[in-house]
Each structure stands twice: as C-alpha cells, then as structure tokens.
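Below: one structure, written as structure tokens.
The values are calculated or read from the model by the stated rules, or taken from the named source; none is laboratory data. The structure displayed is predicted, hence computed values, not measured ones. Glycine also receives a Cβ, built like all others from the backbone with ideal geometry; neighbour counts cover every protein chain displayed. Heads up: the accessible areas ignore ligands, DNA and RNA and are worked out on the full protein's heavy atoms, side chains in. Shrake-Rupley method; radii C 1.70, N 1.55, O 1.52, S 1.80 Å.
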Amino acid sequence: MLFYPIIFFINFKQLKMVFKFKLLPLLLLNALFFNCSSNDSSTNDPVVPPSDPVCRTIGETGREYTTMFKPSKNWVGDPMPFYENGTFHIFYLMDARNSQPTFHPWFKTTTTDLATFVGNNEAIPTGAATDQDGALGTGSVFKKDGIYYGFYTGHNGNLDPKEKIMLATSPDLKIWTKKPLFRLQASLGYDRNEFRDPIIIEDKTTGIYKMLIATRSNVGMVNNNIEPWRAVLAQYSSTNLIDWTLEKPFYEDTSTFITECPDVFTMGNYQYLIYSNIDDRIVHYKYRSLTSNLWITPANSKLDGIAFYAGRTVFDGTNRYIMGWCPTKNNSSDANNYDWAGSLVTHRLIQHSDGTFRVAITEGVNAKFATAKVLTPLKNVGSSNSNSNYSLNASGVEKSYSLFDRETKPFKIKTRINVASSTQFGFGFGACGTLNEMYSIVFDLPKNQIRLEKSIKNGSASEVISTLTQLPLKVPTNKQFDVTIVSEHSVCVVYINDEIAFTNRIYKMNQNPWTIFTNNGEVTFLDLKVFN
C-alpha cells in the first residue's frame with residue numbers, strides 16, 4: 001500500500017518517515033537537470049506539421065488509456081489482481097487527486113486478454129474521515145468455500161495505530177460487505193503504524209492459511225531478542241481466515257525501510273518473493289528451492305525500472321503476469337516530479353531453468369497492435385534504408401539517425417537490431433522539429449546498460465543533461481536485440497529479447513517525431529515496423 005509521491009534517491013530511513021501519508025511533494029534530485037529548455041517553441045496544437053520546429057505538448061487531464069488501463073477521471077494505484085474462469089478481476093486503489101479527507105477506495109476493472117478492459121466500478125468504499133479505513137490501502141482477494149475475502153489496509157493518519165488489516169467479503173466479486181468486527185493490528189514488537197499490504201497464501205498439504213504483512217520489527221527471527229528495527233514480512237496463520245495467530249516472520253530485510261506490496265507464490269521447483277523497495281522505488285524478486293529456506297538474490301533482481309511500482313502477480317493456469325503502475329508527472333510535464341499512481345502496466349514472467357525470471361510482453365497486448373504502416377523517413381543522416389531495413393553509420397559524423405513522423409495513436413515498434421561496431425545506439429522520442437530536445441532509450445554495450453536520457457543541442461552537438469533511469473542489459477554474444485516497444489499516450493514500455501522490460505513516462509513522445517540512432521560505429525535496424 002503506497003501513499004507517498006514517488007521520491008527517488010531520498011533515504012527514507014534518514015528522514016525517519018517524518019513525511020507520511022499524502023506528504024507534500026519533494027523535489028527529485030535529478031529535477032535539477034530538468035529545467036533546461038531547448039530552442040524549440042512549444043505548442044498544444046496537434047495539427048502543426050512535423051517539419052515545424054516546435055515541441056508539441058498535449059495535456060493528459062481527462063485522457064483515458066485503453067491498453068495501459070487508466071479511466072478518464074481517475075488514476076490507477078496498487079493493482080490487486082484476481083483470476084477466475086477466464087477473467088482477470090483487477091482491483092486497484094483509485095486515486096482521485098482531490099482534497100477529500102477520505103481517499104483510495106478499491107475500484108475494479110476486468111479483462112480477458114490484459115489488453116482491453118471492461119468496467120470501472122467501486123468495489124470497497126472508504127469509511128468516514130474518523131474511521132480506521134478513512135483511506136483504504138493495498139490488500140488481496142482470496143476465495144474460500146464460495147466466498148471471496150478481500151483483506152485490505154485501513155489507514156487513518158489521525159489514529160494510533162495508523163494502520164490495521166480489515167476485511168470485506170463478497171459472494172460474486174461485485175457486492176462487498178465490510179466486516180467491522182474484524183481488526184488485525186500489529187503484534188508486540190512490530191510497527192503498529194507501518195502494517196499493511198496483506199496477502200494470503202495457502203498450504204494445501206495442511207489446510208493452513210498464511211497472511212503475510214509488510215511491516216517493521218525489532219524482534220529477532222531466530223530468537224525473541226530485541227534487535228534494531230528492520231523491514232519484515234510478518235506471518236500469521238489461520239484455519240478459517242478469521243482467527244489469526246502470530247508466527248515467526250516470513251522474511252526480513254535490513255537493506256530497506258519496508259518491503260511493500262509483497263507477493264509470494266510457487267512456480268515449478270521454486271518459491272518466489274516479489275516486493276517493492278520503498279528506498280530505490282524498484283520492484284525486486286528473490287527465490288528459493290522448495291527444499292531450502294535460503295533466499296537467492298539473482299544478479300539482476302529488478303523486474304522493471306523506477307516507472308513501474310507496486311507489482312503484484314496473477315496466474316491464469318498457464319502464464320504468470322505481473323501488474324504495476326507507471327506514475328504520471330505533475331501537470332503532464334516531463335520536467336516535473338512523479339506523482340503517485342498512474343496507468344496500469346502488465347508484463348509476462350517467464351521462468352528460466354535456474355529459477356531466474358525473464359520479462360516479456362503479454363500475448364494480448366502484442367496481438368492488439370497488428371496493422372503495420374509504411375514508414376517513410378523524414379530525414380536520414382548517415383543512414384540508408386532498403387525496404388524496412390535501416391543501416392546507420394556514425395563514422396565521421398556526430399550522430400547517425402533516421403527521423404520519422406510522430407505517432408499520435410497507441411502504437412508498437414518492432415525491430416531486430418544487429419550491432420556491427422556501435423557501442424551506443426537506440427531510439428529517440430520527443431524529437432521536436434529540430435531535434436533540439438530528445439528523450440532517448442540508449443543501449444550502452446560497454447556498460448551493459450539500457451537507460452533513458454534527456455539531451456539538448458548545444459550548437460551542432462547534442463549534450464546529455466540527465467540520465468533519468470537505467471537497468472542492467474544482458475548483451476548476447478551475437479549482439480542481436482529483438483526489440484518491441486509499446487506506447488499509449490505518454491507510457492512507453494521497451495521489451496528486449498524477452499528478457500527485460502523497461503517502462504517510462506515520456507509526455508512528448510506521441511506528439512513529436514522519433515528516431516533510431518547510433519552515437520558511434522555501425523548498426524542495422526532490421527525489419528523496422530510500426531503497428532497500430
């Protein structure tokens with residue numbers, strides 16, 4: 001359960017959580033670099049021709065997202081997916097962004113393909129401003145004996161404890177009844193004000209249910225000695241989902257303040273733990289063999305970048321998917337801070353034989369964009385093309401690129417990149433008419449990194465003024481990258497070799513031209529196509 005504006009590179013432990021629920025936004029450290037402006041003028045007119053040297057910016061207030069789901073009048077926070085009989089029921093914290101004293105009721109939408117969504121209805125309302133659940137927080141839905149149990153966090157910053165676990169039940173996933181007598185608050189030795197995000201797992205061999213709760217503790221796992229406060233997943237057991245008994249913590253982590261939105265599941269021979277790290281704002285995972293108690297941290301534990309948070313998974317009997325939200329930015333401006341909540345983004349998790357995960361596009365989203373369009377470059381610099389193949393050579397020039405017309409509708413880019421001698425190449429978005437300002441997805445082979453950069457022209461050369469976010473990039477021996485990019489309005493998700501997903505929010509991308517480029521050497525973009 002998250003109620004904090006996204007704040008990167010701030011140590012919450014040092015702040016001692018002085019700023020809590022609905023805290024005033026703090027400046028991002030890298031916002032210091034965002035205020036540089038290009039020489040382009042700016043317009044909100046969507047019919048200005050691409051050749052005009054302007055940066056088009058279109059506000060997103062009231063804009064509906066149909067693929068990266070977001071209703072027109074509110075935003076999606078912390079998804080809590082539940083699957084049954086061919087339908088994904090996606091509960092989420094509805095963020096209305098108003099000044100009401102109560103906020104974040106549970107809303108629900110449904111989908112059968114994770115690419116088109118039906119409905120947007122309130123499921124569990126908030127209580128009154130003086131109630132424990134004056135604000136609702138993250139939880140989970142579990143079915144037992146034909147009844148659906150919705151365990152959620154009741155939060156009220158004016159009470160002590162601020163957070164308790166609460167319950168509503170439903171016979172049909174539509175009508176929910178709160179159970180006011182159910183209250184589970186932090187046990188002695190746990191942080192009563194940081195006690196949230198319950199998830200239920202079932203031990204089918206014993207019939208025992210476990211509730212895991214994100215919190216903090218100063219009680220030792222091996223013994224009951226008093227230890228320094230640290231992030232833990234508290235563990236409670238029950239046989240009826242009503243009466244719960246405290247057990248030893250399920251997991252502890254001394255490297256972060258709290259492990260939010262935990263998810264635990266078994267896949268093949270491994271048990272997985274997924275959580276959102278409140279300090280680095282990244283969704284991480286760990287895993288362990290079913291015959292071991294030792295958690296393994298993979299070389300790359302990140303399931304996406306800083307523009308994907310509160311990831312929870314769901315299994316449809318064949319595939320496991322992870323859903324999170326891509327945050328908006330204040331006033332729909334790339335120069336501003338991230339907000340809390342935004343648009344729903346879903347990835348498919350693929351298991352390697354060693355237990356590690358690959359992250360890939362969902363079948364439904366991939367199939368939704370099926371109509372290819374003819375690409376005609378607006379400009380080539382050090383680039384030549386034959387049919388859908390583009391050869392770029394930056395030898396002797398500042399940068400080689402091909403410039404293409406803007407995409408104003410949701411779209412998908414597909415290509416296979418063959419690297420000859422280039423070490424830095426990629427895709428540029430928000431190019432404006434003169435390429436004075438650019439948001440670039442950069443493949444950096446020496447650093448084994450993919451990143452989002454902002455650059456501006458300084459005379460005839462481009463100057464990188466900020467690296468916004470980055471992820472580890474596995475470079476294949478053959479230096480080939482199968483790339484799929486999906487974008488709706490300002491959400492951009494890059495999938496590489498069905499290995500990593502890289503989500504970003506770029507407001508200028510769908511109203512301005514875009515490029516493929518290389519900063520040095522030679523690279524070929526094969527079968528480059530755009531699909532609507």
Extension gain, ALA367 back to LYS409 (0.36 nm per residue minus Cα-Cα distance, nm) | 13.5 nm
Work from the charge dipole of region 124-193 (Cβ charges, +1 for Lys and Arg, -1 for Asp and Glu, about the Cα centre) and give the residue of PHE151, ILE175, GLY127 farthest towards its positive end.
-> ILE175
On full extension of the chain, what length is gained from ASN224 through LYS479, given 0.36 nm per residue of separation minus the C-alpha to C-alpha distance?
-> 86.5 nm
Size of the dipole of the chain about the Cα centre, Lys and Arg at +1 and Asp and Glu at -1 on the beta carbon, nothing else charged, in debye to 20?
-> 60
Residue-span extension gain [ASN448 to SER421] - 0.36 nm each, minus C-alpha spacing | 8.2 nm
Arrange the peptides 164-176, 352-364 so that the one whose residues have, on average, the most other Cβ atoms within 10 Å appears first.
-> 164-176, 352-364
Is it possible to state the helix-based mean residue ellipticity at 222 nm for the chain, with each DSSP H run of 4+ residues giving -39500 (n - 2.57), the sum divided by total residues, to the nearest 500 deg cm²/dmol? What is it?
-> -500 deg cm²/dmol
Karplus 3J(HN,Hα) series, Hz, for region 244-261 with 6.51 cos²θ - 1.76 cosθ + 1.60 (x for Gly, Pro) | 10, 10, 5, 10, 5, x, 6, 7, 9, 8, 8, 8, 9, 5, 7, 9, 7, 6
DSSP-loop trypsin sites (Lys or Arg not before Pro) across region 369-477, with at most 14 other Cβ within 10 angstrom | LYS474
On the formula 1/(1 + (r/R0)^6), with r taken between the Cβ atoms of GLN185 and THR206 and R0 of 35 Å, the FRET efficiency rounded to 0.05 is 0.85
One finds the C-alpha centres of region 386-403 and region 298-370 to be spaced, in Å, by 31
Taking Lys and Arg as +1 and Asp and Glu as -1, residues besides ASN121 with C-beta under 11 Å from its C-beta add up to +1
Determine ³J(HN,Hα), in whole Hz, for all residues of region 160-166 in sequence, where each value follows from phi through the Karplus function 6.51 cos²θ - 1.76 cosθ + 1.60 and θ = phi - 60°; x replaces Gly and Pro.
-> 9, x, 6, 10, 9, 8, 10
Got a sec to turn the phi values of region 286-303 into Karplus ³J(HN,Hα) couplings, 6.51 cos²θ - 1.76 cosθ + 1.60 with θ = phi - 60°, whole Hz, x for Gly and Pro?
-> 10, 8, 8, 5, 5, 9, 9, 9, 8, 6, 9, 9, x, 4, 10, 8, 8, 9
Set of region 168-203 residues, backbone N closer than 15 Å to the point 7 Å along the Cα-Cβ line of ILE242 = 168-170, 178-184
Would you please give the residues with an amide H less than 5 Å from that of TRP340, counting only those at least 5 places away or on a separate chain, with H modeled from the backbone geometry?
-> ILE6
Report VAL118's accessible area, 1.4 Å probe, all protein chains in place, as a number in Å² to the nearest 10.
-> 100
Given LYS70/LYS508; LYS286/LYS508; LYS144/LYS368; LYS399/LYS447; LYS379/LYS412; LYS414/LYS474, which pairs have Cα atoms separated by over 29 Å?
-> LYS286/LYS508; LYS144/LYS368
Hey, rough spin-label estimate for VAL374 and ASN85, points 7 angstrom out along Cα→Cβ, what's it come to in nanometres?
-> 4.9
